[in-house]
1. I need to check one value: relative contact order of segment 186-251, counting alpha carbon pairs closer than 8 Å and at least 6 residues apart, in percent.
2. Could you pull out the pairs from 18/242; 77/230; 55/105; 105/241 whose alpha carbons sit more than 24 Å apart here?
3. For residue 208, what residues show an amide H to amide H distance below 5 Å, using hydrogens built from the backbone and excluding near sequence neighbours?
4. Antiparallel as a % of all DSSP beta bridges within the chain, to the nearest 5?
5. How large is the direction-averaged shadow of the alpha-carbon convex hull of the chain, in nm²?
6. Return the sequence-ordered ³J(HN,Hα) values of segment 212-224 in whole Hz as given by the Karplus equation 6.51 cos²θ - 1.76 cosθ + 1.60 applied to θ = phi - 60°, using x for Gly and Pro.
7. What whole number of Å gives the distance from the Cα centroid of segment 221-266 to the Cα centroid of segment 146-213?
8. Hey, fewest Cβ within 10 Å first, where do 39, 186, 166 land in order?
Amino acid sequence: MARQQATGISPMTIRFGKSIGAVRALPKAKGKRPGVIILHERYGIDQHTKDLTVKLAQAGFVGLAPDLFHRFDGDRKAVLRGEQRVDLTDDGALDDLNGAVEYLKRSPNVDAARIGMIGVCQTGRQPLLVAAKRSDIAAAVVLYGAIGGKEWLSNEMRPTAVEDLLAQVNCPVLGIFGEADHIISLEDVTRFRNVLEKAKKDYHIRIYRDAPHGWLNDTMPGRYRKEPAKDAWNLMMSFLKKCFANGWDPDRISWTFESDFSKQYDFSKNVRME
């Protein structure tokens, strides 16, 4: 991803709500701009997340990446290294993200009617959660998250099943997945599609050929895939811009499903890439 030196856009740390830390990047464009909340992976706010806030600002959006692990008081360096997992509760995440949405809506450089959210990997569930509970989210993007195997099931931390969240979302949904993902199977993706169709929700879903889990992350060379990453980013930006421009006819239902996978596809052969 492009760094600060090449863009002239500097991400900065801010705080909102109950002193929740976040990284924010502002576009060079003047006036009120759409706001996009970008959620971090299991590593917390790392360089990749900061880079994505800058790329959002380059696209003309106010990018905001809240720290959803702020309640965790353990070894944050271990989290960054991927050696420690921090689980999120729906109540805690919803409280934090409601605060993030309200922060953006109060910001003088944000158009309060145009706010979207992108969830990545571990945080893929959260845009669906927020879009199911609020009616003022314009777009929800799930980037290889939310629907991997047991994530379909409810539990004490996440009492509402993903299937029920999908039935309640109040905005179009973009789902981006990879053929070689070792966490999310193509069966999970088709189930995701079927639930959205049953609930008559607008969606765009794409499965990328040979793409492993986390292929957008260029700080992890083993999993990064340059061409799929470029295409997926452009797809996300086009989707957000369409949502922010009221490009979805409220009287029509729009479904787009794109896939590219082998006839010999075998989920059991997919492996984790570093």
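Nothing in this text is a laboratory measurement; each read-out follows from the coordinates by a stated rule. None of the values given here were measured: they were computed from a predicted structure. Virtual Cβ from ideal backbone geometry, glycine too; neighbours counted across all protein chains shown.
1. Working: 28 pairs, mean separation 10.2, N = 66.
The value is 15 percent.
2. Numbers: 18/242 33 Å; 77/230 29 Å; 55/105 21 Å; 105/241 18 Å.
Correct reply: 18/242; 77/230.
3. Long-range HN contacts for residue 208: 177, 178, 179.
4. On the way: 9 of 36 bridges.
Beta bridges within the chain, antiparallel portion: roughly 25 percent.
5. Values: hull surface 55.3 nm².
Mean projected area of the Cα convex hull: 13.8 nm².
6. So the J values, rounded to whole Hz, are x, 4, x, 5, 6, 7, 7, 8, 10, x, x, 10, 5.
7. About 13 Å separates the Cα centre of segment 146-213 from the one of segment 221-266.
8. On the way: 39 31, 186 17, 166 27.
Listed from fewest to most nearby Cβ atoms, that is 186, 166, 39.
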